[in-house]
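The values are calculated or read from the model by the stated rules, or taken from the named source; none is laboratory data. For clarity, every value in this text was computed on a predicted model and none was experimentally measured. We place every Cβ from the backbone using ideal geometry, glycine too, and count neighbours over all the protein chains shown.
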Amino acid sequence: MLSHTAFRFIPKASPLIVLAMLASVASPQSERTDYDVDKDGLIEIRNIEDFLAIPDSFAGITLNGSSDGCPENGCIGYELVSDLDFSGLTNVRLPTPFLHQVIFEGNQHIIKNLKTPQLVNGTFGFFESVRESVIRNLRIDNIDWAAPGADYLGALTPLLVDSTIVNVEVSGTLRGQHYTGGLAGVANNSVILGSHFTGAIYAQSGLVEASLGMGGLVGNGENTLIYASSAMGEFILNAVPERNFALGGIIGTTHTHNAIIASYADFTNIKVDLVGNLAAHSPVTIESSYSIHSADDSELVAVVEFYSKRSYQEEAVSAVEAVARADLVCPQKEVDARCNIPSLLHGWHTHLDSSGQHVWNFGGSTELPVVRRNLVFDLADNDEDGVVNLLDRFPENPAAALDFDGDNKPDVWIGACDADCQEASGFVLDDQIELPIYPEAPNDETDFKGGSFALFELWFLFGVSTLGWRIRKHI
Ligand SMILES: [Ca+2]
Ligand SMILES: [Ca+2]
Ligand SMILES: [Ca+2]
Ligand SMILES: [Ca+2]
């Protein structure tokens, strides 16, 4: 098991080392008198210098020691207002601040071309630790990070705790030692929505056998929920291990329960079982997802209608099909009579975003199903248990969120819900998860939304900016 020491903050080894090159091009920050020009409560990050100046947030949300221009009660986070291109900059040492109760809004901007020299830090990511925070609408392109000694490595952060990641896309190469994930090294009590990794993760075979997790999105997952997300790419190994306990296309190792819903891994891997390229092992519940782990078309694809194995459960509840790649390519709708297995994607239409748009796009007759990239997620969380209303089957009760089989008995407790909380909830934990019963897919799947989406999005964004944000109960 992962010990609690994993989440202890590691003191920073060195003071902030700002790029030497930047010193000559930076404009004097003292001229800046308004840090929130558009008055949305988010301090504008205009360039790399601003980005590198984001401080640890425990003492408040400021930049260069100032929050001038923020609302009376202070700012609630930061927002990118331009792309940040690190290409040509060498020997970059990021300050990697702690984000605590912060919104980091990417505004669809791109942070790109950051290459690191060999790092010796114990942990590495854009943010040293992300707690009770939201990172959203961000692209990170073409990173190339070598941290062969890092215990925890993730593009966003090595440690994601009690946080939500929304609409984040990362591409690049990661070389870590232990817990490594395309988004986060370790994710604890967190939710990942509409987020994707494309690239390569290096793993040494000796470490694979030592069960140190590496995953396309998350190296090690604890009470984490992943929805409408994907990982594409490959694990690169220097030798073939005896067994693979540790490499998963979405999540590597799992401690306590994790859930993967309406997601896919097309991530080259070795010696996995059918479900094992989504997560390396249980406890995990997987619904309406698929995995491909072979670089060629010769091997079978795992199509997971439903799979659930909790830590105390001896037998998995499982509805998993091993099919040829062509069988997964074929369907253009959920029930497609033209295909070898007409009902292969049974139940997949039930997964929606906050606008009612379907998560899955089944594509044409020569394309694999993919998760749509323009999904919208309302972060409202009435019971403040960390699981957004959209995915919370008990949206007014903070003790539980998941009930896959719909029997109104929670399948797992929320990670933060202790014995007293469980007792007070009035719930009895489900002792036998059954296969979910899905409604029939609509006959005419032109009902699927997609084309006329822009109007809703405008309305939605307006609604959000009017009502403000919620990050758990702390903000
Ligand atoms: Ca702003
Ligand atoms: Ca909730
Ligand atoms: Ca709940
Ligand atoms: Ca149940």
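In region 273-308, what residues are buried (at least 23 other Cβ atoms within 10 Å of the Cβ) and over 19 Å from HIS346 (Cα atoms)? Result: ASN277, ALA279, ALA280, VAL284, HIS293. Scanning region 179-226 for residues that are among the aromatic types (Phe, Trp, Tyr) and closer than 21 Å to SER289 by Cβ yields a single hit, PHE197.
Provide a single number: the residues in region 151-198 that are assigned to a strand (DSSP E or B), charged (D, E, K, R) and under 21 Å from GLY77 (Cα atoms). Selection size over region 151-198: 1. Within region 365-389, the residues that satisfy the criterion of being more than 9 Å from ligand 2 (Cβ to nearest atom) and in contact with a Phe, Trp or Tyr (Cβ under 9 Å, 6 or more places away or on another chain) are LEU368, PRO369, VAL370, VAL371, ARG372, ASN374, VAL376, PHE377, ASP378, LEU379. Is it the case that ILE201 is under 21 Å from ARG136 (Cβ atoms), in contact with a strand residue (DSSP E or B) (Cβ under 9 Å, 6 or more places away or on another chain), among the hydrophobic types (A, V, I, L, M, F, W, C) and buried (at least 21 other Cβ atoms within 10 Å of the Cβ)? For ILE201, the condition - under 21 Å from ARG136 (Cβ atoms), in contact with a strand residue (DSSP E or B) (Cβ under 9 Å, 6 or more places away or on another chain), among the hydrophobic types (A, V, I, L, M, F, W, C) and buried (at least 21 other Cβ atoms within 10 Å of the Cβ) - is not met. Selection of region 34-80 for residues being crowded, with 18+ Cβ neighbours inside 10 Å, of a type in the set (A, V, I, L, M, F, W, C) and part of a loop (DSSP other than H, G, I, E, B) yields ALA53, ILE54, ILE61, CYS70, CYS75, ILE76. Scan region 387-412 and report the pairs whose first residue is within 18 Å of GLU423 (Cα to Cα) and whose second residue is near ligand 3 (Cβ under 7 Å from one of its atoms) and among the charged types (D, E, K, R), with Cβ atoms within less than 7 Å and a gap of 6+ or a chain change. Cβ pairs passing all conditions: PRO395/ASP383; GLU396/ASP383; ASN397/ASP383; PRO398/ASP383; PRO398/ASP385; ALA401/ASP385; ALA401/ASP392. Checking the structure you have, find out if any residue of region 377-384 is away from ligand 4 (no atom under 16 Å from the Cβ) and small (Gly, Ala, Ser). Yes, region 377-384 contains at least one residue that is away from ligand 4 (no atom under 16 Å from the Cβ) and small (Gly, Ala, Ser).
Do we have any residue at all in region 306-317 that's within 27 Å of GLU169 (Cβ to Cβ) and not aliphatic (A, V, I, L, M)? The answer is yes, given that some residue of region 306-317 is within 27 Å of GLU169 (Cβ to Cβ) and not aliphatic (A, V, I, L, M).
Summed over region 411-431, the residues that are farther than 25 Å from ARG131 by Cβ and either at pLDDT below 95 or in a loop (DSSP other than H, G, I, E, B) (or both) give a count of 7.
Taking strands (runs of 3 or more DSSP E) as the structural unit, those lying wholly within region 232-332 and holding at least 3 residues that are farther than 27 Å from ASP430 by Cα correspond to 264-268. Any chance you could count how many residues in region 186-235 are aliphatic (A, V, I, L, M) and closer than 16 Å to LEU160 by Cα? Of the residues in that region, 10 qualify.
Selection within region 76-129: residues that are among the hydrophobic types (A, V, I, L, M, F, W, C) and at pLDDT below 85. The member of this set that is nearest to ligand 1 (Cβ to nearest atom) is LEU94.
Say whether the condition of being hydrophobic (A, V, I, L, M, F, W, C) and touching a Gly at 6+ places or on another chain (Cβ under 9 Å) is met by at least one residue in region 363-370. Scanning region 363-370, I find at least one residue that is hydrophobic (A, V, I, L, M, F, W, C) and touching a Gly at 6+ places or on another chain (Cβ under 9 Å), so the answer is yes.
Screening SER365, SER355 for residues that are away from ligand 4 (no atom under 16 Å from the Cβ) and over 23 Å from the mean Cα position of the chain (by Cα) leaves exactly one candidate, SER365. Just checking, does region 385-397 include any residue being aromatic (Phe, Trp, Tyr), under 19 Å from ILE261 (Cβ atoms) and more than 16 Å from ligand 4 (Cβ to nearest atom)? No, region 385-397 has no match at all. Selection of first residues in region 35-63 that are at positive phi and of second residues that are among the basic types (Lys, Arg) and more than 7 Å from ligand 1 (Cβ to nearest atom), restricted to Cβ pairs under 8 Å at least 6 apart or on distinct chains, gives an empty result. Of the residues making up region 81-90, those that are surrounded by fewer than 14 Cβ atoms within 10 Å (Cβ to Cβ) and of a type in the set (Gly, Ala, Ser) are SER87, GLY88. One residue stands out among those in region 352-364 that are buried (at least 21 other Cβ atoms within 10 Å of the Cβ) and in a loop (DSSP other than H, G, I, E, B): the one that is farthest from ligand 2 (Cβ to nearest atom), which is PHE362. For region 403-423, the criterion of a residue being in contact with a Lys or Arg (Cβ under 8 Å, 6 or more places away or on another chain) and away from ligand 4 (no atom under 16 Å from the Cβ) is satisfied by no position.
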